[in-house]
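Let me begin by presenting the structure, written as C-alpha coordinates, before commenting on it.
The values are calculated or read from the model by the stated rules, or taken from the named source; none is laboratory data. Predicted model, so just to flag it, every value in this text is computed and none were measured. A quick note on method: Cβ atoms are made from the backbone with ideal geometry, for glycine too, and the neighbour counts reach across all protein chains shown.
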Amino acid sequence: MVIRHGQASFGADNYDKLSDLGHQQSAAVGQALRDMGWVPDRTITGTLTRQKETLASMGFEAGEEHAGFNEYDFQDLLSARYKGDVPDLVKGDRKVHFRTLRETVFQWQADEIENPAESWGTFTGRVESARLAACATGADRVLAVSSGGVIGQLTAASLGAPDKMMMTLNLQIKNTSITKFVFTNSAFFLHEFNATPHMMSGEAAGMLTYS
(Lines give C-alpha, C1' and ligand atoms only; values in the text may rest on other atoms or scores of the structure.)
Protein backbone atom coordinates (compact mmCIF):
# COMPACT_ATOMS: atom_id res chain seq x y z
CA MET A 1 0.00 0.00 0.00
CA VAL A 2 1.29 3.45 -0.93
CA ILE A 3 -0.10 6.59 0.72
CA ARG A 4 0.49 10.02 -0.74
CA HIS A 5 1.67 12.51 1.86
CA GLY A 6 -0.79 14.96 3.43
CA GLN A 7 -1.24 18.50 2.18
CA ALA A 8 2.12 20.25 2.08
CA SER A 9 2.80 23.97 2.40
CA PHE A 10 2.21 25.29 -1.14
CA GLY A 11 3.53 28.82 -1.58
CA ALA A 12 5.49 28.80 1.68
CA ASP A 13 9.23 29.33 1.89
CA ASN A 14 9.50 25.69 2.97
CA TYR A 15 7.10 23.55 0.92
CA ASP A 16 8.44 20.35 2.47
CA LYS A 17 6.32 20.22 5.60
CA LEU A 18 2.69 19.41 6.27
CA SER A 19 0.08 22.08 6.75
CA ASP A 20 -2.28 21.76 9.72
CA LEU A 21 -4.80 20.22 7.34
CA GLY A 22 -2.12 17.79 6.13
CA HIS A 23 -1.70 16.50 9.67
CA GLN A 24 -5.48 16.09 10.01
CA GLN A 25 -5.68 14.18 6.72
CA SER A 26 -2.86 11.90 7.84
CA ALA A 27 -4.50 11.15 11.18
CA ALA A 28 -7.75 10.35 9.36
CA VAL A 29 -6.21 7.84 6.95
CA GLY A 30 -4.25 6.20 9.76
CA GLN A 31 -7.43 5.74 11.79
CA ALA A 32 -9.26 4.43 8.71
CA LEU A 33 -6.63 1.74 8.23
CA ARG A 34 -6.85 0.68 11.87
CA ASP A 35 -10.65 0.62 11.65
CA MET A 36 -10.30 -1.76 8.69
CA GLY A 37 -7.95 -3.95 10.68
CA TRP A 38 -5.04 -3.09 8.38
CA VAL A 39 -1.84 -2.55 10.35
CA PRO A 40 1.48 -2.65 8.48
CA ASP A 41 4.16 -5.25 9.06
CA ARG A 42 6.70 -2.84 7.64
CA THR A 43 6.81 0.92 6.96
CA ILE A 44 8.96 2.82 4.51
CA THR A 45 9.10 6.45 3.39
CA GLY A 46 11.27 8.63 1.26
CA THR A 47 13.60 11.05 3.02
CA LEU A 48 11.33 14.08 2.63
CA THR A 49 9.93 15.76 5.73
CA ARG A 50 6.34 15.80 4.47
CA GLN A 51 6.44 12.04 3.93
CA LYS A 52 7.88 11.29 7.38
CA GLU A 53 5.44 13.70 9.06
CA THR A 54 2.56 11.95 7.31
CA LEU A 55 3.58 8.56 8.67
CA ALA A 56 3.98 9.99 12.18
CA SER A 57 0.56 11.68 12.09
CA MET A 58 -0.95 8.43 10.81
CA GLY A 59 0.08 6.99 14.17
CA PHE A 60 2.59 4.44 12.88
CA GLU A 61 6.21 4.19 13.95
CA ALA A 62 8.95 5.32 11.61
CA GLY A 63 10.58 2.50 9.71
CA GLU A 64 12.95 2.49 6.77
CA GLU A 65 13.78 5.30 4.38
CA HIS A 66 14.51 4.94 0.67
CA ALA A 67 15.26 8.04 -1.40
CA GLY A 68 13.63 6.37 -4.40
CA PHE A 69 10.27 7.28 -2.87
CA ASN A 70 11.15 11.02 -2.96
CA GLU A 71 9.26 13.25 -5.35
CA TYR A 72 10.97 14.59 -8.46
CA ASP A 73 12.24 18.13 -7.92
CA PHE A 74 9.51 20.13 -9.64
CA GLN A 75 11.04 23.43 -8.57
CA ASP A 76 14.31 22.49 -10.27
CA LEU A 77 12.48 21.45 -13.45
CA LEU A 78 10.64 24.75 -13.63
CA SER A 79 13.84 26.66 -12.92
CA ALA A 80 15.69 24.74 -15.65
CA ARG A 81 12.88 25.35 -18.14
CA TYR A 82 12.80 29.10 -17.45
CA LYS A 83 16.58 29.50 -17.05
CA GLY A 84 16.22 30.45 -13.40
CA ASP A 85 13.50 33.06 -13.96
CA VAL A 86 10.20 31.32 -13.21
CA PRO A 87 7.27 33.73 -13.75
CA ASP A 88 5.54 34.88 -10.57
CA LEU A 89 2.20 33.60 -11.87
CA VAL A 90 3.63 30.09 -12.23
CA LYS A 91 4.97 30.22 -8.68
CA GLY A 92 1.90 31.69 -7.03
CA ASP A 93 -1.24 30.62 -8.90
CA ARG A 94 -2.19 26.96 -8.34
CA LYS A 95 -3.95 26.41 -11.67
CA VAL A 96 -1.19 28.05 -13.70
CA HIS A 97 1.46 26.26 -11.65
CA PHE A 98 0.11 22.77 -12.24
CA ARG A 99 -0.76 23.39 -15.89
CA THR A 100 2.78 24.62 -16.48
CA LEU A 101 4.25 21.77 -14.47
CA ARG A 102 2.38 19.25 -16.61
CA GLU A 103 3.85 20.74 -19.78
CA THR A 104 7.30 20.87 -18.17
CA VAL A 105 7.23 17.22 -17.13
CA PHE A 106 6.28 16.20 -20.68
CA GLN A 107 9.32 18.15 -21.91
CA TRP A 108 11.46 16.47 -19.23
CA GLN A 109 10.29 13.03 -20.37
CA ALA A 110 11.20 13.95 -23.95
CA ASP A 111 14.66 15.12 -22.83
CA GLU A 112 13.86 18.71 -23.84
CA ILE A 113 14.81 20.32 -20.50
CA GLU A 114 18.45 21.42 -20.41
CA ASN A 115 20.55 20.35 -17.43
CA PRO A 116 17.91 19.21 -14.94
CA ALA A 117 19.24 18.03 -11.59
CA GLU A 118 17.78 14.61 -12.36
CA SER A 119 17.01 13.06 -15.72
CA TRP A 120 13.74 11.26 -16.44
CA GLY A 121 15.65 8.00 -16.76
CA THR A 122 17.30 8.48 -13.37
CA PHE A 123 13.92 9.21 -11.78
CA THR A 124 12.24 6.11 -13.18
CA GLY A 125 15.26 4.02 -12.24
CA ARG A 126 15.23 5.07 -8.61
CA VAL A 127 11.46 4.58 -8.33
CA GLU A 128 11.91 1.04 -9.61
CA SER A 129 14.72 0.53 -7.10
CA ALA A 130 12.41 1.69 -4.30
CA ARG A 131 9.66 -0.63 -5.48
CA LEU A 132 12.01 -3.61 -5.49
CA ALA A 133 13.28 -2.73 -2.02
CA ALA A 134 9.75 -2.45 -0.65
CA CYS A 135 8.78 -5.82 -2.09
CA ALA A 136 12.01 -7.61 -1.17
CA THR A 137 11.16 -8.93 2.30
CA GLY A 138 8.65 -11.43 3.57
CA ALA A 139 6.30 -8.76 4.95
CA ASP A 140 2.70 -9.17 3.78
CA ARG A 141 1.56 -5.64 4.61
CA VAL A 142 4.04 -3.01 3.47
CA LEU A 143 3.05 0.63 4.00
CA ALA A 144 4.98 3.19 1.94
CA VAL A 145 4.44 6.95 2.18
CA SER A 146 5.49 8.77 -0.96
CA SER A 147 4.47 11.55 -3.36
CA GLY A 148 2.24 12.03 -6.38
CA GLY A 149 4.86 11.68 -9.10
CA VAL A 150 6.26 8.48 -7.64
CA ILE A 151 2.80 6.97 -7.19
CA GLY A 152 1.90 7.99 -10.72
CA GLN A 153 5.05 6.31 -12.03
CA LEU A 154 4.51 3.13 -9.98
CA THR A 155 0.96 2.91 -11.29
CA ALA A 156 1.82 3.66 -14.92
CA ALA A 157 4.69 1.17 -14.88
CA SER A 158 2.51 -1.55 -13.35
CA LEU A 159 0.07 -1.09 -16.24
CA GLY A 160 2.73 -0.88 -18.94
CA ALA A 161 1.42 2.60 -19.82
CA PRO A 162 3.26 5.25 -21.88
CA ASP A 163 5.51 7.71 -20.04
CA LYS A 164 3.00 10.56 -20.28
CA MET A 165 0.48 8.57 -18.25
CA MET A 166 2.63 9.14 -15.17
CA MET A 167 1.80 12.86 -15.16
CA THR A 168 -1.86 12.31 -16.03
CA LEU A 169 -2.12 10.10 -12.95
CA ASN A 170 0.10 12.37 -10.84
CA LEU A 171 -2.31 15.30 -11.16
CA GLN A 172 -5.26 13.17 -10.03
CA ILE A 173 -3.70 11.85 -6.84
CA LYS A 174 -5.28 13.24 -3.68
CA ASN A 175 -3.43 13.96 -0.47
CA THR A 176 -3.34 10.86 1.78
CA SER A 177 -5.06 8.77 -0.89
CA ILE A 178 -4.54 5.00 -0.83
CA THR A 179 -3.08 3.11 -3.78
CA LYS A 180 -2.77 -0.65 -3.36
CA PHE A 181 -0.58 -3.10 -5.22
CA VAL A 182 -0.47 -6.87 -5.02
CA PHE A 183 3.06 -8.25 -5.25
CA THR A 184 5.02 -11.47 -5.23
CA ASN A 185 8.67 -12.18 -5.90
CA SER A 186 7.96 -12.09 -9.62
CA ALA A 187 4.81 -9.99 -10.09
CA PHE A 188 3.45 -6.53 -9.27
CA PHE A 189 -0.18 -5.61 -9.99
CA LEU A 190 -2.35 -2.57 -9.38
CA HIS A 191 -5.27 -3.41 -7.07
CA GLU A 192 -6.73 -0.02 -6.10
CA PHE A 193 -5.90 3.55 -7.11
CA ASN A 194 -6.25 6.92 -5.35
CA ALA A 195 -8.93 5.88 -2.82
CA THR A 196 -9.95 8.21 0.01
CA PRO A 197 -12.51 6.33 2.15
CA HIS A 198 -11.53 8.52 5.10
CA MET A 199 -12.81 11.63 3.28
CA MET A 200 -16.01 10.38 1.69
CA SER A 201 -18.70 11.78 3.97
CA GLY A 202 -19.65 14.41 6.53
CA GLU A 203 -17.17 17.00 7.67
CA ALA A 204 -14.26 14.88 6.45
CA ALA A 205 -15.28 15.53 2.83
CA GLY A 206 -14.05 19.09 3.27
CA MET A 207 -10.50 17.89 3.85
CA LEU A 208 -9.97 16.79 0.23
CA THR A 209 -6.94 18.43 -1.43
CA TYR A 210 -4.55 17.66 -4.27
CA SER A 211 -1.29 19.46 -3.38
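Which one is modelled with the highest pLDDT among residues in the stretch 1-20 that are over 17 Å from the mean Cα position of the chain (by Cα) and either in a helix (DSSP H, G or I) or of a type outside the set (S, T, N, Q) (or both)? Let's see the steps before the verdict.
Taking the stretch 1-20 first, the residues over 17 Å from the mean Cα position of the chain (by Cα) are 11-14, 20.
Still in the list and also either in a helix (DSSP H, G or I) or of a type outside the set (S, T, N, Q) (or both): 11-13, 20.
Working: Gly11: 62, Ala12: 60, Asp13: 63, Asp20: 94.
Here the residue is Asp20.
Note on the stretch 66-89: residues that are surrounded by 16 or more Cβ atoms within 10 Å (Cβ to Cβ) and closer than 25 Å to Leu21 by Cα total 5. Taking the criterion of being assigned to a helix (DSSP H, G or I) and of a type in the set (A, V, I, L, M), the residues of the stretch 185-211 that qualify are Met199, Ala204, Ala205, Met207.
Restricting the first member to the stretch 111-138 and to residues that are closer than 26 Å to Tyr82 by Cβ and without any contact (Cβ under 8 Å) to a residue 60 or more places away in the chain, and the second to residues that are of a type in the set (Phe, Trp, Tyr) and assigned to a loop (DSSP other than H, G, I, E, B), the beta-carbon pairs closer than 6 Å and six or more apart or on different chains are Phe123/Tyr72. Kindly indicate whether Arg94 is among the basic types (Lys, Arg) and out of contact with any Asp or Glu (no Cβ under 7 Å at 6 or more places or on another chain). Yes: the conditions hold for Arg94.
Listed conditions (1) in contact with a strand residue (DSSP E or B) (Cβ under 8 Å, 6 or more places away or on another chain); (2) more than 17 Å from Gln7 (Cβ to Cβ) are all met by Ser177, apart from (2).
For the stretch 71-78, the count of residues that are within 27 Å of Thr124 (Cβ to Cβ) and in contact with a strand residue (DSSP E or B) (Cβ under 8 Å, 6 or more places away or on another chain) is nonzero.
Restricting the stretch 21-55 to residues that are assigned to a loop (DSSP other than H, G, I, E, B) and among the small types (Gly, Ala, Ser), the residue that is farthest from Gly152 (Cα to Cα) is Gly37.
Regarding Arg81, is this residue over 22 Å from Val39 (Cβ atoms), over 18 Å from the mean Cα position of the chain (by Cα) and either among the polar types (S, T, N, Q) or at pLDDT 95 or above (or both)?
Working: over 22 Å from Val39 (Cβ atoms): yes; over 18 Å from the mean Cα position of the chain (by Cα): yes; either among the polar types (S, T, N, Q) or at pLDDT 95 or above (or both): yes.
Against the criterion (over 22 Å from Val39 (Cβ atoms), over 18 Å from the mean Cα position of the chain (by Cα) and either among the polar types (S, T, N, Q) or at pLDDT 95 or above (or both)), Arg81 qualifies.
Here Val182 meets each of (1) without any contact (Cβ under 8 Å) to a residue 40 or more places away in the chain; (2) part of a helix (DSSP H, G or I) with one exception, condition (2). In the stretch 77-165, counting only helices (runs of 4 or more DSSP H) that sit wholly within it, the ones holding 3 or more residues that are of a type outside the set (S, T, N, Q) and under 27 Å from Glu61 (Cβ atoms) span 120-134, 148-159.
Here's a check for you: in the stretch 90-124, which residue that is closer than 26 Å to Ala156 by Cα and β-branched (Val, Ile, Thr) is surrounded by the fewest Cβ atoms within 10 Å (Cβ to Cβ)?
Initially, the stretch 90-124 is screened for residues closer than 26 Å to Ala156 by Cα, giving 94-124.
Now narrow it down to the ones that are β-branched (Val, Ile, Thr): 96, 100, 104-105, 113, 122, 124.
Values: Val96: 14, Thr100: 20, Thr104: 21, Val105: 25, Ile113: 20, Thr122: 12, Thr124: 17.
Only one residue tops the list, namely Thr122.
Please go through the stretch 147-165 and give me each residue that is of a type in the set (A, V, I, L, M, F, W, C) and without any contact (Cβ under 8 Å) to a residue 24 or more places away in the chain, ordered by number. Correct list: Ala156, Ala161, Met165.
Tell me, please, whether a residue that is among the β-branched types (Val, Ile, Thr) and more than 14 Å from the chain's Cα centre (by Cα) can be found in the stretch 54-71. No, every residue in the stretch 54-71 fails to be among the β-branched types (Val, Ile, Thr) and more than 14 Å from the chain's Cα centre (by Cα).
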